[in-house]
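Undergrad: Can you read through this structure? Questions will come right after.
The values are calculated or read from the model by the stated rules, or taken from the named source; none is laboratory data. These figures come from a predicted structure and were not determined experimentally. Neighbour counts are summed over all protein chains in view; Cβ atoms, including those assigned to glycine, are modelled from backbone coordinates with ideal geometry. In case anyone asks, the SASA skips ligands and DNA or RNA and just uses the protein heavy atoms, side chains included. Shrake-Rupley method; radii C 1.70, N 1.55, O 1.52, S 1.80 Å.
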Amino acid sequence: PPPHLAIVWAPRAALYWAALRAGPTQPAGARPAVLMPNPFYQVYVGAGALARADAVYVPAGPESGFQPDFAQVAEADLARTALAYINTPANPQGSVATLDQLKAAVDLARAHDFVLAVDECYSEIYTGGKPPGLFDACREIRSEGGDPFANTLVFHSLSKRSNVPGLRSGFVAGDPALIRLFLRLRQYGGAQVPLPVMNASAALWRDEAHVAASRDLYRQKFDLALGMLDGKFGAARPGGGFYLWLDVEDSEAAAYRLWTEAGLRVLPGAYLARDYPDGTNPGAAYIRMALVDDLATTEEAMRRLLDTLN
């Protein structure tokens, strides 16, 4: 059977609502936990906090291919987990979860009865082969007679796919029981999608030509940028998304120099991560650079970056 689906206005809000739906429960009689990668997309942190849950930051650095391994989370935290976020392709690193990683996350969610929320808003912007998705994993591990989408929600958006962030349109799909609860929450706390936005969204979802053209342009920009960087700052082609995740040693200092000396605006990786108990921050050495302009502007930006940081 197909997954149940809800159309949403502002997919970022949908990711937030997912935590509100899951967070107030008290697994194992303890304060609930929300697992999330570190570094992360900021809404995960805010959603967990406003759901009155403890954030458990799971390393997502180079040692794990920039994807979180929830199996490394302590059993005591897994026992009280209400929700876990995965972002693939990931913001900010551009990493892609493998099919085996997704299957392992689904198995873990079902074993500990928490909601697995997979943010696939960049899923149609990829630089090589099409990345696997959550429902690819669900189809492979479904149990006979069981719901193939149990314990899962997946989030998609037109913002990245069709370059229409101002439209604020997307959908969430997955476990029918979760979707019913999600819709009830949304009816109380979220605005309905206006009909003009629905009609525009339907037209964009029906058309694949503009998506392929956009994906090809991003590939050209990565080719250009990576050719100019020539391996500097650990530059590598991401699996998806439109960001470069560059190791500049000190993200705040580099971001300040690029803005004041070169007129380039990048995001310090330290602002996309939380410190671990030992005081280290997994994003502190990196900057996130978005390749969202045209080829000529991308070339000029890379030239300025190299002139400034070299």
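Undergrad: Report the Rg/Rh value for segment 92-174, based on alpha-carbon coordinates and the Kirkwood definition of Rh. Kindly include the intermediate steps, with their values, before the conclusion.
TA: Numbers: Rg = 13.7 Å, Rh = 13.7 Å.
Rounded to two decimals, Rg over Rh is 1.00.
Undergrad: If you don't mind, another one. Per residue, how much accessible area does the chain show when a 1.4 Å probe rolls over the protein heavy atoms, in square angstrom? Walk me through the numbers on the way to the answer.
TA: Working: 13780 Å² over 310 residues.
The answer is 44 Å² per residue.
Undergrad: Additional query: Along the positive direction of the dipole of the chain (beta-carbon charges: Lys, Arg +1; Asp, Glu -1; about the Cα centre), which of 234, 53, 292 reaches farthest?
TA: Going by the Cα projections, it comes out as 53.
Undergrad: Have a look at 127, 34, 225 and report the one farthest towards the positive end of the charge dipole of the chain, computed about the Cα centre with Cβ charges (Lys/Arg +1, Asp/Glu -1).
TA: 34
Undergrad: Just the projected area, averaged over all directions, of the convex hull on the alpha carbon atoms of segment 166-226: how many nm²?
TA: Numbers: hull surface 25.9 nm².
In nm², the orientation-averaged hull projection of segment 166-226 is 6.5.
Undergrad: I've got another one for you. Solvent-accessible area of residue 205, probe 1.4 Å, all protein chains present, reported in Å² to the nearest ten, please.
TA: Only protein atoms counted, so the area is about 80 Å².
Undergrad: Over the Cα atoms of segment 206-297, how large are the radius of gyration and the largest Cα-Cα distance (Dmax), in Å?
TA: Gyration radius and largest Cα-Cα distance of segment 206-297: 15.1, 49 Å.
Undergrad: State which entries of 130/160; 103/160; 103/130 exceed 23 angstrom in Cα-Cα distance in the structure shown.
TA: Numbers: 130/160 15 Å; 103/160 25 Å; 103/130 17 Å.
Pairs exceeding the cut-off: 103/160.
Undergrad: Taking the Cα centre of the chain as origin and charging only Cβ (+1 Lys, Arg; -1 Asp, Glu), how large is the dipole, in debye to the nearest 20? Present the calculation step by step, with values, prior to reporting the outcome.
TA: Details: 28 positive and 33 negative charges, 216 e Å.
Its charge dipole is roughly 1040 debye.
Undergrad: Counting only protein heavy atoms and a 1.4 Å probe, tell me what percentage of segment 165-310's accessible area is made up of carbon and sulfur.
TA: Working: 4060 of 7640 Å².
Summing carbon and sulfur atoms, their accessible area is 53 percent of the total for segment 165-310.
Undergrad: Related question: On a 1.4 Å probe surface of the protein chains, which of 300, 252 comes out largest in accessible area, and what is the full order? Present the calculation step by step, with values, prior to reporting the outcome.
TA: Details: 300 75, 252 95 Å².
I get 252, 300, largest accessible area first.
Undergrad: Debye sum, Cα scatterers, the chain, no solvent: what log₁₀ I/I(0) at q = 0.08 1/Å?
TA: One equal scatterer on each Cα of the chain leads to -0.36.
Undergrad: Filter the trypsin sites (Lys or Arg not before Pro) in segment 126-171 down to the DSSP loop ones having no more than 16 other Cβ atoms within 10 Å, then list what survives.
TA: Details: sites: 139, 142, 160, 161, 168; in loops: 142, 168.
Filter output for segment 126-171: 142.
Undergrad: Seen from all sides and averaged, what is the projected area of the convex hull of the Cα atoms in segment 53-115, in nm²? Present the calculation step by step, with values, prior to reporting the outcome.
TA: Working: hull surface 16.7 nm².
Reported value for the Cα convex hull: 4.2 nm².
Undergrad: Continuing with this model, one more query. Can you tell me the length gained on complete extension of the stretch residue 217 to residue 184, counting 0.36 nm per residue apart and subtracting the Cα distance? Walk me through the intermediate numbers first.
TA: Details: separation 33, 0.36 × 33 = 11.88 nm, distance 3.98 nm.
Result for the pair: 7.9 nm of gain on full extension.
Undergrad: A further question on this structure: If packing is taken as the average count of other Cβ atoms within 10 Å, what order do 187-199, 266-278 fall into, highest mean first? Write down the numbers at each step before the final one.
TA: Working: 187-199: 11.7, 266-278: 17.2.
Going from most to least packed, we get 266-278, 187-199.
Undergrad: Using only the alpha-carbon atoms of segment 93-133, report the extent along each of the three principal axes, biggest first, to the nearest angstrom.
TA: Cα extents, longest axis first: 34, 18, 16 Å.
Undergrad: With each pseudo-label sitting 7 Å past Cα toward Cβ, what's the residue 130-residue 249 distance in nm, one decimal?
TA: Result: 4.4 nm between the two label points.
Undergrad: May I ask for the net charge around residue 227, where only other residues with Cβ less than 13 Å from the Cβ of residue 227 are counted and Lys, Arg are +1 while Asp, Glu are -1?
TA: Working: positive: 219, 221, 232, 237, 303; negative: 223, 230, 299.
Neighbour charge sum, excluding residue 227 itself: +2.
Undergrad: State log₁₀ I(q)/I(0) for segment 122-245 at q = 0.12, 0.19, 0.21 Å⁻¹ as given by the Debye formula over alpha-carbon point scatterers of equal weight, solvent excluded.
TA: Each listed q maps to, in turn, -0.63, -1.13, -1.21.
Undergrad: Could you compute how fast segment 130-188 diffuses translationally, taking Rh as the Kirkwood radius over C-alpha pairs and applying Stokes-Einstein at 10 °C with viscosity 1.306 mPa s? Give it in µm² per second. Walk me through the numbers before you get to the answer.
TA: Numbers: Rh = 13.2 Å.
Translational D for this selection: 121 µm²/s.
Undergrad: Which lysines have a Cα lying under 19 Å from the Cα of residue 232, excluding residues fewer than 8 positions away in the same chain?
TA: Within reach: 221.
Undergrad: If packing is taken as the mean number of other Cβ atoms within 10 Å per residue, what is the order of 76-89, 44-57, highest first?
TA: Values: 76-89: 23.1, 44-57: 19.7.
Result, highest mean Cβ count within 10 Å first: 76-89, 44-57.
Undergrad: Note down the magnitude of the dipole of segment 97-223 about its Cα centre, charges +1 on Lys and Arg C-beta and -1 on Asp and Glu C-beta and zero elsewhere, to the nearest 20 debye. Mind showing how you got there, number by number?
TA: Working: 15 positive and 15 negative charges, 92 e Å.
Roughly 440 debye for segment 97-223.
Undergrad: With all protein chains present and a 1.4 Å probe, how do 210, 156 order by accessible area, largest first?
TA: Working: 210 50, 156 30 Å².
Per-residue accessible area, sorted high to low, gives 210, 156.
Undergrad: Note the direction-averaged projected area, equal to a quarter of the hull surface, for the Cα convex hull of segment 1-124, in nm². Kindly include the intermediate steps, with their values, before the conclusion.
TA: Numbers: hull surface 31.1 nm².
With the hull built on Cα positions only, its mean projection is 7.8 nm².
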